[in-house]
Amino acid sequence: MTGRTHDLAAFTAMTIVFTTIPTPYISLATALVAFGVNMVGGLAPDIDQPSAKLYSNIRGGKILSTIIDPLLGSHRLLSHSIVGLVLFGFLAKLLLDVSASVLLVDMSIVWWAFMIGFASHLVVDTFTKEGVPWLFPIPIRFGIPPLRFLRLSTGGFVEKSLVFPGLLLVNAYLFFTHYSKFLEFFRSFG
Ligand SMILES: [Zn+2]
């Protein structure tokens with residue numbers, strides 16, 4: 001999937017979690033940081049892809065990718081697996097703990113935002129032709145549906161004309177069906 005779809009999928013996953021579980025009090029600062037970190041989490045698994053959106057948006061991205069690429073192997077290996085999810089979750093925890101001294105936000109909520117974004121990436125990629133090696137280092141790629149030819153091509157017509165608008169619709173639907181919860185959430189900032 002393209003970075004754009006992953007971006008929206010990460011946000012959608014947050015909306016789903018927000019509307020399904022009771023939400024603790026979230027400050028405006030926490031919400032803003034969580035929003036950004038959720039996006040980073042949603043793009044992070046593609047850190048193994050040299051052309052990743054993540055790199056093109058940061059300074060020195062090219063140099064960084066030449067250092068990171070050999071460590072993570074080729075596209076869709078470690079970072080697209082349960083081991084990768086745990087590993088990145090651990091690293092994110094360390095990084096957030098360090099930033100906790102300068103950023104006055106609820107780091108556990110920010111961490112969950114990262115993890116939700118990261119997990120959404122793997123789920124969405126499971127619907128693509130390449131599949132996802134969930135059990136890496138076991139070299140099996142899983143896909144839904146199991147028949148490869150039925151799955152999506154990254155950046156293809158179905159992704160752009162069905163998946164992306166579909167995700168937008170899910171957000172709109174959840175927003176209107178949980179309108180009072182969203183209202184209460186935004187009011188708590190006032
Ligand atoms: Zn990916």
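All of the numbers you see were taken from the coordinates with simple rules; none came from a lab. Only a predicted model underlies this, so the values are computations on that prediction, with no experimental measurement involved. For neighbour counting, all protein chains shown are included, and Cβ atoms are generated from backbone atoms with ideal geometry for every residue, glycine included.
If I build a Gaussian network model for the chain, linking alpha-carbon pairs within less than 10 angstrom, which residue out of Gly60, Gly41, Gly156 has the largest mean-square fluctuation?
Gly60
Beta carbons within 10 angstrom, averaged per residue: use that to sort the peptides 103-114, 18-29, highest first. Please report the intermediate quantities before stating the final value.
Numbers: 103-114: 19.2, 18-29: 12.0.
Order by mean packing, descending: 103-114, 18-29.
Show that you can apply the helix-only estimate: for the chain, add -39,500 (n - 2.57) for every DSSP H stretch of four or more residues, divide by all residues, and state [θ] at 222 nm to the nearest 500. Can you show the working numbers first?
Details: 8 runs with 110 residues, N = 190.
Counting only the DSSP helices, I get -18500 deg cm²/dmol.
What is the Å³ per residue value for the convex hull set by the Cα atoms of segment 72-114? Please list the in-between numbers first.
Numbers: hull volume 3.2 nm³, N = 43.
Output value, Cα hull per residue: 73 Å³.
Among 3-12, 175-184, 123-132, how do they line up from the highest to the lowest mean number of other beta-carbon atoms within 10 Å?
Values: 3-12: 21.5, 175-184: 11.7, 123-132: 19.4.
Result, highest mean first: 3-12, 123-132, 175-184.
Connecting C-alpha atoms closer than 10 Å in a GNM of the chain, tell me which of Lys93, Lys160, Lys62 has the biggest fluctuation.
Greatest mean-square fluctuation among the candidates belongs to Lys62.
Once you keep just the Cα pairs under 8 angstrom separated by 6 or more residues, what percentage relative contact order results for the chain?
Working: 249 pairs, mean separation 56.7, N = 190.
After rounding, I find 30 percent.
When the Cα atoms of the chain are enclosed in a convex hull and the volume is divided per residue, what value in Å³ results? Please report the intermediate quantities before stating the final value.
Numbers: hull volume 25.1 nm³, N = 190.
So the per-residue Cα hull volume is 132 Å³.
Magnitude of the Cβ-charge dipole of segment 17-176, K/R +1 and D/E -1, about the Cα centre, nearest 20 debye?
The calculation lands at about 340 debye.
Lys/Arg Cβ at +1, Asp/Glu Cβ at -1, dipole of the chain taken about the Cα centre: which of Thr128, Leu96, Ala29 is farthest positive-ward?
Checking the options against the dipole of the chain, the answer is Thr128.
Which order do the peptides 95-102, 32-39 come out in when sorted by mean C-beta neighbours inside 10 angstrom, highest first? Working shown, then result.
Values: 95-102: 11.6, 32-39: 19.5.
By packing density, highest mean first, the sequence is 32-39, 95-102.
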